[in-house]
Each structure stands twice: as C-alpha cells, then as structure tokens.
Amino acid sequence: MIRGTFSLLIVLVACSEGRSANISGEDPAAGKLVGVWDATMKVERPYPLQLRPSQVTAIRGTLGLIENGTRTASAEDAASATQLGVYDLPLSQIGLEWNGTAAFPAATASITGPTTYASPASGSDSVRIVLNPGSEERIILSGRYEPDGIQGTWTAQSARGSANGSFSMRPHARSQMQSGHC
C-alpha cells in the first residue's frame, strides 16, 4: 500500500511536470519544493539507547511533495505546511524507526525567507521538512534551498534520546519519473 501511494504521488507530480499550479497566487517560493526528490541522510550521532546499534551510516531514498491546498493558520499544525508528501527512505537501517512501526510515511514541508546562516547575496531560502509529523518519533530536516538542491541537518528525538546528522536532496531526474505519457 505504501509503495502504491508513493507511486501515485510520483505520477501526479510527473503529470504536472513537477511544477506547482500556484492557483491561489500565494508566495511563488512555495512551489519550489513541489516534485520528487532524491534524498541522502547521513548519521553523525545515533540514538544513544538503541535496541540494536546500526552499522549503516547513510541511506538514500525518495521524497515526493505536492502543494497543500488546505493550509490552516496554526504553525505547529501539519496542515499549515505549504507542501504535503510521502517518503520512501529506509529509516530503520539507521535506527530511526521506533520498534518497526509501520505507520504511513508522511512528510510536510515549508519554505521561508533567506536562512540566517546564508549570505544575503546567495538568496537561498530556508526549508523545513518533517518526516512522520504528529508522531512521537518525528524527524526534522532543516536546510537551505539552492538551485541545484537542498542541503542541511536533521534531528530526531524519541524515548531513546536524540540523533542527528546531515542530509541533501536533489530533484529526481525527470527521465526516471516518466514511464509513459500523461
């Protein structure tokens, strides 16, 4: 079911040519995240209280995001995110899934103004992605959007302590998304 849902998201993004319709006339920066992304997550500090320490220090996967047309005003609410999506990342390989929970792999994302750590001349935007929003073990990716992708750091907190690392995301190659015509 998870792979089917992710496949549907990829088809929807591919048929829209990976661009946001931005019908509402809101901030055009919000559409920058819409599409399918290839993601890499590296572990710098694993959970201190793991059941089985992981030997894997990096994973690769895919994240798909679409525009959230039902946003609310609450900043803490997942519905306030500018994008909603799903991911296919083998988080358990780096010890980030709590007891193998088979929850739906949901994601939310928002893009804001220039990052505090980027030079004003760079014009990069701050990006915040939450994997498993509303979960006790959510993972927050904070980074900056550049024309060739997104780079930043991630943190995860649970009853086992906190873990962190770095991540990078690149737009998924369009030729890999298309297997037919839309």
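The values are calculated or read from the model by the stated rules, or taken from the named source; none is laboratory data. Worth saying up front: this structure is predicted, and the values here are computed from it rather than measured. Heads up, the Cβs are rebuilt from the backbone with ideal geometry, glycines too, and the neighbour counts pull from every protein chain shown. These accessible areas exclude ligands, DNA and RNA; they are computed on the full protein's heavy atoms, side chains included. Shrake-Rupley method; radii C 1.70, N 1.55, O 1.52, S 1.80 Å.
General remarks:
- All conditions but one from (1) of a type outside the set (Gly, Ala, Ser); (2) at pLDDT 90 or above; (3) within 20 Å of residue 168 (Cβ to Cβ) apply to residue 67; the one that does not is (3).
- Summed over segment 121-164, the residues that are under 23 Å from residue 51 (Cα atoms), within 10 Å of the chain's Cα centre (by Cα) and open to solvent by 70 Å² or more (accessible area, probe 1.4 Å) give a count of 0.
- Any hit, segment 118-135, residues being in contact with a Pro (Cβ under 9 Å, 6 or more places away or on another chain), at pLDDT below 90, charged (D, E, K, R) and within 22 Å of residue 97 (Cα to Cα): no
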